[in-house]
Every structure is written in C-alpha cells, then in structure tokens.
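The values are calculated or read from the model by the stated rules, or taken from the named source; none is laboratory data. Just so it is clear, the structure is predicted and the values come from calculations on it, not from any experiment. Positions of Cβ are backbone-derived with ideal geometry, glycine not excepted, and every protein chain shown enters the neighbour counts. Protein only, heavy atoms only, side chains kept; ligands, DNA and RNA dropped before computing areas. Shrake-Rupley method; radii C 1.70, N 1.55, O 1.52, S 1.80 Å.
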Amino acid sequence: MISLIEQDYQVQNWRDSMIAAGPRSLQSAQGGVPKLSTFGVSFLDEALRIEPTSFILVGASTGTGKTQLAYTLARQNAEYGRKVFGVFLEAYAGEMQERRRFQMFLEEYFADKEKSGEALDLRFVIWKTGALNQAFEKYEPAITKRLQGEPSKLEVVTKLKKFDVESLVELKDEALSKGAELLVIDHIHYFDYNQEQETKALTEIISVLDKTSSNDKLPVVLFAQFRKEAYGKNKNFKDIHDFHGSANLTRVPTDVIVLTRGEYDASLKVTSTYFDIQKTRHAQCDHLVGKLNFSVKKQWYLEPYQLGRIQKDEFEVVDEAQVPVWAKKARRF
C-alpha cells in the first residue's frame, strides 16, 4: 500500500484499520461491478454519475452526516475493487475503524433474535464511551471473522500535523502514481491556512482539485461546511449560498449537492435527510431533491426515496406524472 509522508500523515490500510464492506454492498455487487464510481445512495446514483472528470462538492452542517457519507462512499467503491483515497481531515486517529466496527455491531445486534429487550441508546457517541460493551460483547467473535476477509483497496489518511495546499499536491501526485480511481476529502475547511488568506487558500485548493479531475481524470468528491448562520432568517433548507468561503468553492465543481437533516422517527429509528442537487451538468436532475431515511439499524440510507423540490423553503413531493424515468427507486404514490 501507499506510504504518504509518514511524518505528516497517519496512513491506515483498509483491512488493518477495519474499514470494509458491509453485506448490503457486497450483495449489490453480485450483479456485476459498475463501470463508474458510486455514491451508494439510491437517489444520487440514479440522478448523477461520478465520471472520471467529475468534481463533486457536498455541503452540510455539523451533525448532518457528512463524515458518514464520505467514509461510506469511499468504502463502497473500494468494495467494488477500485483504489480509493479517503482523506478525513476532521477525524481523529482511529475514528474510521470505530465507525465501521460500530456498524458491524449494530448489524449483529439487530440480527440477534435472542437479544435482550432492554432499551439501549444506540448512537455512535454512546458506543465510544464503552456504555454498550456489555451488550455487544458476545458479537466480537463474529466481527473478528468478518474482518479477516475484507478487501484492501482503500487508503485512509487522517490529519496529524499539517495539511496545506502543497501537501494536497503531494497527495494527489502519489495517488495518481499508484492508480487511484477516486479521491474523497472530508472536508475543505480543515485544511491548514491563514485565516487572513482564506479566500486565496480556498481558491488554490479548488484549483488543484479541479485540475485533478479535469486534467488527470481522477474524480473528486469534496465535502464542505456551511457557515454557522443561515443565509436568510428562519431558513429550513440550506442551499448553495450557505457554503462557507470563496464563491469559487461552488462555481468550479461540476456538481454541488446540499444535505439538510430532517426529523428523527423514534418508532422506526430513522432520520430523514434531504439531498438537494443545487448544481449539475446533468440537466434532467437539476434542483431535484431526494428525501431519504437514514437507518440506525443499518447505519446507512434506505433505498426508497421521495422525490421533490424545495418551494418557498418547504419540501414538496413532485406529482407522479413528473417523476422522471431514471428515478426507478423513487417511492411511488
């Protein structure tokens, strides 16, 4: 595997760091490996394409699921045999391993017909404290066995010391030299730059990534943070104006996706999330929104989705007659 500037990065092998394929993704791969990279999210995979020249920007507020989407997107594509670089600048050392292990514990827990009927708080932040160790202890052997046969196609980089524009260029060059097929970065606002030079630095980062996709044919999925205060008062849904930083951040990418978190349904254990395609070169899906449920049990988005648009800061489901032919997994009326 690749050795990336050891003094500045912690590099974790896919198998060794226990970030690997889940059953759902492996089953979907049995029908054949897709020719292009995948989001692993039904609505996005039907509406968009991650092509070799794609530069995709995903924006969200804290707690919306940026890191979850970024790491699962990287993992999903590695399952299909692609060489993926996942750069998680916001993550602490070992977080990606923990997220994957937590997902596996949940899969074993919900499949266990003899589990205790005790109500548990099954959030990742609770599991990290060790509060679920006793309830999950019996699943350790099964998880250890599952980890032994996992693919090793993902390189995970977490920030230790410094990550500036020069480091990004080195990383990109190293990735290309080793045949990387997808670059996932979470997120741009964790790059090291002088706040007084923020606009210039962000523009330089965007320029490097634009050339990476357009010239080097290495697709990029870049995640970004929204500004703390919404663009406009009493705003329910984020949009392209809410990105923090230079206007080049949204002007240059080929596609811009905005995530907005919805309500939590305690009975179904799902949280709704809105995926709003704010900009794309695929005209047929511009400004369409997919409403998906994030499952606590699966730690991922369920496939059926509602298709709609944001009208006057409200989500409105499109009329059945207006559902496009490509939206095969859209929830019908």
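In table form, for the structure just shown:
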quantity	calculated
Heavy-atom surface of the range 99-230, accessible at 1.4 Å and reported per residue (Å²)	51 Å²
For the range 43-186, convex hull of alpha carbons as volume per residue, Å³	158 Å³
Residues whose placed amide H lies under 5 Å from that of Tyr80, excluding near-sequence neighbours	none
Using θ = phi - 60° and Karplus 6.51 cos²θ - 1.76 cosθ + 1.60, couplings along the range 57-69 (whole Hz; Gly, Pro as x)	10, 10, x, 6, 7, 4, x, 8, x, 4, 5, 4, 5
Percentage relative contact order, the range 206-266, counting C-alpha pairs under 8 Å, at least six apart	29 percent
With every protein chain in place, the range 260-333: carbon and sulfur % of accessible area (1.4 Å)	49 percent
In order through the range 38-43: 3J(HN,Hα) via Karplus (6.51 cos²θ - 1.76 cosθ + 1.60), integer Hz, x for Gly, Pro	10, 7, x, 10, 3, 4
Cut-off under 5 Å, modelled amide H: who pairs with Leu288 long-range	Ile277
Alpha carbon centroid spacing (whole Å) that separates the range 289-306 from the range 157-219	30 Å
Largest-first ellipsoid semi-axes for the range 239-333, taking √(5λ) over the Cα gyration tensor eigenvalues, angstrom	24, 18, 12
Loop-resident sites, the range 279-323, for trypsin sites (Lys or Arg not before Pro), counting at most 10 other Cβ within 10 Å (DSSP)	Lys312
